[in-house]
Every structure is written in C-alpha cells, then in structure tokens.
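Data block below; observations after.
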Amino acid sequence: MSVLRAVRMLLSLRCEESTRIMSDDYEREISGIERWAVRLHFISCRACRRFRRQIAFLQQAARTHLQFSTILPAERRDRIARRINGD
Ligand SMILES: [Zn+2]
C-alpha cells in the first residue's frame, strides 16, 4: 500500500470500509494501517462502534453454541470452531 493511500485511509475511512475491515478481521490478517484506520474511525462513529460490539457478541454466541451443541458430530464442530477462531 502506498503512503498516500495509507494516509487517505487513516483520515477518511467510511462506514462501508470500516465494517468490511472489521468483518475481514475474522477471516484474514488485516494490516496495521487498516486496524488504525478503524480505530480512528471509531472516535467519530457510534454506528461502527456498535457494529463492532455486535459482531463480537455474535462470534461469542456462535462459539458458545458450538461448544454445547450435540447436533453436529464432533469433527464438524471442531472444524467450525477452528473457522470461528481463525485457526
Ligand atoms: Zn462508521
């Protein structure tokens, strides 16, 4: 990522990009610039702070449900748990 693009991302991240990066964080290693851009965006955006709490809640709920679920075979539960945990 170019320096100019990094600075622009840090200073003008929009909600669509912010939520995409937060979602991506569960599926891939996001860059330091992306992480800081989202943190700066949080200062002025209540909606994205709320979105972050909601996806964290959903991830925890999925993790807890999976832990106690007996519907799925253990192998599938383990595979899904690894996916949720980003292993
Ligand atoms: Zn936002």
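The values are calculated or read from the model by the stated rules, or taken from the named source; none is laboratory data. Keep in mind that what you see is a predicted model, and the values were worked out from it rather than measured. Note that each Cβ is placed from the backbone with ideal geometry, even for glycine, and that neighbours are counted across all protein chains shown. To get the accessible areas, we keep the full protein, side chains included, count just its heavy atoms, and leave off ligands, DNA and RNA. Shrake-Rupley method; radii C 1.70, N 1.55, O 1.52, S 1.80 Å.
The numbered conditions (1) open to solvent by less than 60 Å² (accessible area, probe 1.4 Å); (2) of a type in the set (Lys, Arg); (3) under 30 Å from residue 5 (Cα atoms) are all true for residue 28 except (1).
Of 72, 11, 40, all but one fail to be within 16 Å of the ligand (Cβ to nearest atom), open to solvent by 50 Å² or more (accessible area, probe 1.4 Å) and modelled with pLDDT under 85; the exception is 11. Does the stretch 9-24 contain any residue that is under 10 Å from the mean Cα position of the chain (by Cα) and over 19 Å from residue 84 (Cα atoms)? Looking through the stretch 9-24, at least one residue is under 10 Å from the mean Cα position of the chain (by Cα) and over 19 Å from residue 84 (Cα atoms). Among the residues of the stretch 53-60, at least one is assigned to a helix (DSSP H, G or I), within 16 Å of the ligand (Cβ to nearest atom) and open to solvent by 50 Å² or more (accessible area, probe 1.4 Å).
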